[in-house]
Amino acid sequence: MSETKAPLESSERFKPVATRRDFLGLAAAWSAVAAFVMAMLGAMRLPMPSVFPESNSRAKLGRPAAFAKNSTTYFPKQRLWLFRGEDGFHALSSVCPHLGCIVERKEGGQFSCPCHGSKFDVEGNLTGGPAPKGLVSVELTVSPEGQLVADTLQEVPRGTVLNA
Amino acid sequence: MTKDDKGSTATVETSEARDKGDSPLREFGANLVSTPREFRDSVVRHGKPTSDRAKSQVVMSNFFLHILPVRIHMHSLKAATTLGLGVATFVLFIILCFTGVLLMVYYKPAVDQAYGSMLDIMNVVPTGRLIRNVHRWSAHAMVACVFLHMARAFYTSAYKKPRQFNWVVGMGLFVLTLALSFTGYLLPWDQLAYWAVTIGANIAQSPREVTDALGVTGVFDVGGVQKELLLGAHMVGQEALIRFYVLHVVVLPVITAILIGVHFWRIRKDGGMVRPAAADAPPVAPVLSAEPAPLKTYGLMGLMKGRTPAVNLELRNTVTAWPNALYVIGAATMVTVLSMLLLGFWFDAPLKEMANPAVPENPAKAPWYFLGLQELVSYSAFMGGVGIPAIVVLGIALVPFLDREKEDAGVWFSGKRGKIVTLYSVLFGTVTVVGMLCFTVKFGWLRDWEATAHVPQIVITAFNPGTVFVALFALWSIVVVKVTRSTRMGAIALFTCFLVGFVILTYFATVHRGPNWDFYWSQSDWPVH
């Protein structure tokens, strides 16, 4: 008698959205789903590299004295141009910021991309085509033994010049 | 169940021999003699498929045939119903698995050996050239067949209830087929492979255009994560090659095989091939052949979808799958295998010079089915390479849920009105896309005009000529829905426009784009360099 009365009372007072059994069952099922999803996400962490094969993005380009004033040198392996102007060195990446092709330097000093026709002026600024931005200015430093070092993964603001 | 007479007499003989008290050695001898027959009877448990009952048993008791129904509607077997495209696609998948495993015997997924092993396969390995050619041409053919199969299913309304989910599974298989082709494209490690995949990987990175514009790339860099997952590096190199290899030979084929299983299973569960109501009307063939009553009686029960009980209606205009369906499947299989062998025999799959990360191929053209997208990314990478394909795939996948009209299912183009809408949509799509391409070739795009040369990047990203097409196509299909008062007609209009846009862009990028992605009337006009 009391057994039939109790649930009636509780249903009137609390109006439960689920019985305890439903709740525990659903909680168990969703815990299993959550555990599976987390395990899969954890497994997907594996293909995300923590060290890149090109982690040694720094390359020695040579002694500053080796480059004449107002000269331009291309380094195909590092994919960059080294410019020596009147007041120092700066470097531009030759990788097109659109879809990663190697841009060509025209006779006037402008750049153009063979893949989708993006165009850049002599300073690497975007002048036409689908690229979202200009060519990357690559960071230049001088190593302790006096060599120019370029780090292709480090971008510096346009117009940054290294006096060396 | 139905042992033939000889089998039963043999059993009687041996038991008689035992009763006489003969030596077990004689029984052994008799068993030895009858072993081949016993073995056959253990594999095939029915007699010759001469009666409808035995033909049913052939299909039901064979693992490889049991995906077929026992009886199949005659409409499903007509060439004009399916054009055999689904079977052809499946056969191509099997050819690709078979030739792919053979190629794996010699192929080495290492940057310093991959190209060399390709040269070996082409020049030294016995039959290597033919096997590679067949693999390459079958890959192209599979993409083509998937496209055509999808168009067939669309124009015959095969996506409608209860087949909506199978349409979505089909879209999944479509994307997987493209992914299989794309991952296979890198493996030869030639110039074309290297630069096409460089472009592809950078398209995967292109959501950065959006996150950069919003200034959130630092915390939320989807594009960067996608590219790193794909390449395992910043550039296409050894890491990328091994990843593409694993995806191409294990991950994607396994997922594809599972989805193909689901796709076939659902065809059965959804009531077989879609057919027009007219195909059920008058019985045109004798339903069951006369046969002696079986010793044991069987009840043939079929589950039918429908509201009224109908006795034997499921058998009307059907024939046994053995051998009728097998003839049709066999014919499609032979045509497919033969065409691939002939293609592979006569035409060599291209292999350019070895990949050179310093000098891009110019023009670096993706395989034909991606060239339409490549044309669009030449205006802006994110919208052309990610945004528009995603909208189109999603739009096509949602068609069965937006168009639920039940009339004229199974009829090509849903009848005369649909043919007219298709024709007008071809016209509209052609005018729109050709007009747009002429415009951009003649006048350029946003960055080429004084007024818009310096608009923010987000505008360049979003306002792709492709965005304009898709918007116009959507508008056109809404107009068609309004005029015809039919969502099916609207769906036909949209799908036709997408198809026409794809064909024209593919043609345009294949024929009229040359070095620097400039416009040329033909390849003979390309500058010599």
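The values are calculated or read from the model by the stated rules, or taken from the named source; none is laboratory data. This one's a predicted model, so the numbers in the text were calculated from it and none came from an experiment. Methodologically, a virtual Cβ is constructed for each residue, glycine included, from the backbone with ideal geometry; neighbour enumeration extends over all protein chains shown. Side chains are part of the model used for accessible areas, which takes the heavy atoms of the whole protein and leaves out ligands, DNA and RNA. Shrake-Rupley method; radii C 1.70, N 1.55, O 1.52, S 1.80 Å.
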Handout entry: Equivalent ellipsoid semi-axes, region A:2-155, via Cα gyration tensor eigenvalues times 5, rooted, Å
Key = 64, 20, 13
Practice task
Quick one: what are the phi-derived ³J(HN,Hα) couplings along region B:336-341, Karplus 6.51/-1.76/1.60 with θ = phi - 60°, whole Hz, x for glycine and proline?
Solution key: 5, 4, 5, 5, 5, 5
Problem - chain A: most fluctuating residue of A:Lys133, A:Lys119, A:Lys15 per GNM, C-alpha cutoff 10 Å - result: A:Lys15
Practice task
Compute the Cα gyration tensor for chain B, then decide on rounded, prolate or oblate, letting a ≥ b ≥ c be the square roots of its eigenvalues: rounded whenever a/c is under 1.5, prolate when a/b is larger than b/c in the other cases, and oblate in all that remain.
Solution key: oblate
Handout entry: At most 15 other Cβ within 10 Å, DSSP loop - GluC sites (Glu not before Pro), region A:28-107
Key = A:Glu54, A:Glu86, A:Glu107
Fill in the blank from the handout: Interface residues of region A:48-65, defined as losing at least 30 Å² of accessible area versus the chain alone with a 1.4 Å probe, are A:Met48, A:Pro49, A:Phe52, A:Pro53, A:Glu54
Completion exercise
Computed over chain B: longest principal axis from alpha-carbon atoms vs helix B:52-61 long axis, angle to nearest 10 degrees, is 60
Fill in the blank from the handout: Note: B vs A interface, total accessible area buried (1.4 Å probe; ligands, DNA, RNA excluded), nearest 100 Å², is 2500
Exercise for the section: Please determine, in degrees from 0 to 90 and to the nearest 10, the orientation of helix B:24-43 with respect to the longest principal axis defined by the Cα atoms of chain B, where the helix direction is its Cα long axis. Expected result: 40
Practice task
Determine the residues within region B:433-473 where the difference in accessible area between the chain on its own and the full set of protein chains amounts to at least 50 Å²; count protein heavy atoms only and use a 1.4 Å probe.
Solution key: B:Arg447
Practice task
Report Rg(Cα)/(2.2 N^0.38 Å) for the protein assembly as shown, keeping two decimals.
Solution key: 1.24
Practice task
Compute the accessible area per residue over region A:14-164, keeping the other protein chains in place, probe 1.4 Å, unit Å².
Solution key: 58
Problem - Tensor-based shape of region A:41-117 (alpha-carbon gyration tensor, a/c under 1.5 rounded, otherwise prolate or oblate) - result: oblate
Problem - Interface residues in region A:121-135 - accessible area drops by 40 Å² or more relative to the isolated chain, probe 1.4 Å - result: A:Pro130, A:Pro132
Fill in the blank from the handout: Expressed in square angstrom to the nearest 10, the accessible area of B:Cys438 with a 1.4 Å probe stands at 80
Fill in the blank from the handout: Taking alpha-carbon centroids only, region B:388-458 lies from region B:486-513 a number of Å equal to 6
Completion exercise
Asserting the computed 222 nm helical MRE of chain B (DSSP H runs at least 4 long, -39500 (n - 2.57) per run, divided by residue count, to nearest 500) equals -20000 deg cm²/dmol
Practice task
Tell me the chymotrypsin sites (Phe, Trp or Tyr not before Pro) within region B:330-397 that lie in a loop according to DSSP and have at most 11 other beta-carbon atoms within 10 Å.
Solution key: B:Phe347
Exercise for the section: Please determine, in degrees from 0 to 90 and to the nearest 10, the orientation of helix A:2-14 with respect to the longest principal axis defined by the Cα atoms of chain A, where the helix direction is its Cα long axis. Expected result: 40
Practice task
Please average, across the residues of B:189-197, the number of beta carbons from any other chain that are within 10 Å of each residue's own beta carbon, and give a whole number.
Solution key: 1
Practice task
Mind checking region B:483-529 for chymotrypsin sites (Phe, Trp or Tyr not before Pro) that DSSP puts in a loop (not H, G, I, E or B) and that have at most 15 other Cβ atoms within 10 Å?
Solution key: B:Tyr520, B:Trp521
Handout entry: Solvent-accessible area, 1.4 Å probe, carbon plus sulfur percent, for chain B
Key = 70
Exercise for the section: Take peptide A:107-116, look around each residue's Cβ out to 10 angstrom, count Cβ atoms belonging to other protein chains, and average those counts. Expected result: 5
Practice task
Add +1 for every Lys or Arg and -1 for every Asp or Glu among the other residues with Cβ under 12 Å from the Cβ of B:Val236, and state the total.
Solution key: 0
